[in-house]
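Just below is one structure, and these are the notes that go with it.
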Amino acid sequence: MSDSRLLRIGTRNSPMALAQVERVRTMLADRHPDVTVEVMSMSTSGDRWQGDLAALGGKGAFTKEVDAALLAGNVDLVVHCVKDVPGDRPAPAGTVMAAYLARDDVRDCLVHPAGLRIEQLPAGTRIGTSAVRRVAQLALHWPHLAPVAIRGNANSRLAKLDTGDRYDALLLAVSGLRRIGQADRITHPIDVDTMVPAVGSGTLVLQCREDDTGTRDLAASLGDPQAQQETTAERTMLHILQGNCHSPIAALARTEPDGRLGLRARVISLDGKTVLDVHEWAADPITLGTSVAAALLRQGARDLLDLPVHGAA
Ligand SMILES: NCc1[nH]cc(CCC(=O)O)c1CC(=O)O
């Protein structure tokens, strides 16, 4: 059957988001050569706003304009980083997450102009990060380092680091730097047991309208079942904890060689002094995410997550 059709893909206009869309375009060209892709990029409030994201309602600041274009029928498919999709509310009514792409590297990394590793940094080194999860784990492992708030996309953060004014190093995602062709800036990929990643790290999701069966089928043909399972376990846990952009929640689901699904999740106090840590395995991702969330709640995660977060870096 011919696939011949136009597919309009909506995306943020950051270099990383545009690179992510090109990955989808390439995958579609390989699998559905009769599909013509048109990219419609747009600025989001999260990209424009340089203050604290919480003032804009958190992570939704990177998705709401693109979601609105999808619901209005101006685009047919949207590519999001799962990490940027709010975990404390459902997908916009009338849309579905139709496919998760094969997972990229999930690690965070240090970017240091002189090529140092994180354990080599002297006390007081200024680390640019805006992720509460990273700040809490910095405090846990390297309390002598100084997290400093930073906003903007990965390219603008690298430029801010290069001026040398406010930051001595950055914490960023390995996968993000690779997508924008800046992998050579990585000086230390940090192992996932030390710096547990964000929920959905390294994973892209294809979102479309619920009633658009043609686009849903196209998207599903690009999906990776393992990424779907791992993301479902992580986001089930996040949803039950009602995690948001100010939640110091870290998690990583992994498919073991024997096929079992494991989920390791942490809730850390911002000062790094309290760490709740759970690691379980199960066959079903929803059962696994639910069980890990329940275990974290039994350990006191609710009280930890309800603590006010002032001036998150
Ligand atoms: N808003 C930050 C963000 N959201 C998604 C990515 C790319 C990495 C990924 O998909 O996990 C990044 C950049 C970063 O954390 O350095």
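Computed from the coordinates by the stated procedures, all read-outs in this text should not be read as laboratory data. Since the structure is predicted, the reported quantities are computational estimates derived from the model, not experimental observations. No Cβ is skipped: glycine too gets one built from the backbone with ideal geometry, and neighbour counts run over all protein chains shown.
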Residue 286 versus residue 117: modelled label distance in nm, points set 7 Å from Cα along the beta carbon direction: 4.3 nm
Mean ellipticity per residue at 222 nm, deg cm²/dmol - from DSSP H runs of n ≥ 4 across the chain, formula -39500 (n - 2.57): -9500 deg cm²/dmol
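Quote the FRET efficiency, to the nearest 0.05, computed for residue 194 versus residue 29 with a Förster distance R0 of 35 Å and r equal to the Cβ-Cβ distance. Intermediate results must be reported in sequence, preceding the final value.
Numbers: r = 39 Å, r/R0 = 1.11.
Efficiency for this residue pair is about 0.35.
Mind checking the dipole of the chain: about its Cα centre, +1 per Lys or Arg Cβ, -1 per Asp or Glu Cβ, Debye to the nearest 20?
On the way: 34 positive and 37 negative charges, 133 e Å.
For this selection, approximately 640 debye.
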Distance between modelled label sites at residue 55 and residue 302, nm, 7 Å Cα→Cβ extension: 3.3 nm
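Full extension from residue 220 to residue 89: what is 0.36 nm times the residue separation minus their Cα-Cα distance, to one decimal in nm?
Values: separation 131, 0.36 × 131 = 47.16 nm, distance 2.29 nm.
Result: 44.9 nm gained on full extension.
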Gain upon complete extension [residue 162, residue 72; 0.36 nm per residue less C-alpha separation]: 28.3 nm
Simple label model, 7 Å out from Cα along Cβ direction - residue 19 to residue 277, nm: 3.1 nm
Selected from 252, 32, 170, residue furthest toward positive end of dipole (the chain; charges at beta carbon): 170
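Run the numbers on the stretch 132-228 and let me know its relative contact order in percent, using alpha-carbon pairs under 8 Å that are six or more apart.
On the way: 40 pairs, mean separation 18.7, N = 97.
Dividing the mean separation by the residue count of the stretch 132-228 yields 19 percent.
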Distant-in-sequence amide H partners of residue 10 (H built 1.01 Å from N, under 5 Å): 40, 76, 77, 78, 79
Relative contact order for the stretch 51-170, counting Cα pairs under 8 Å that sit 6 or more residues apart, in percent: 21 percent
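Just to verify a number: FRET efficiency for residue 242 and residue 48, C-beta to C-beta distance, R0 = 30 Å, to 0.05? Before the final figure, lay out the partial values.
On the way: r = 27 Å, r/R0 = 0.89.
Step by step, r from the Cβ atoms, then E = 0.65.
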Extreme residue, positive dipole direction of the stretch 80-197, given options 150, 114, 94 (C-beta unit charges): 94
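Can you tell me the dipole magnitude for the stretch 178-304 around its Cα centre, using point charges on the Cβ only (Lys, Arg +1; Asp, Glu -1), in Debye to the nearest 20? Mind dumping the intermediate values first?
Details: 13 positive and 17 negative charges, 70 e Å.
Charge dipole of the stretch 178-304: 340 debye, to the nearest 20.
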Among 188, 295, 226 the positive-end extreme of the charge dipole of the chain (Cβ point charges): 188
Relative contact order %, the chain, counting alpha carbon pairs below 8 Å whose residues are six or more apart: 21 percent
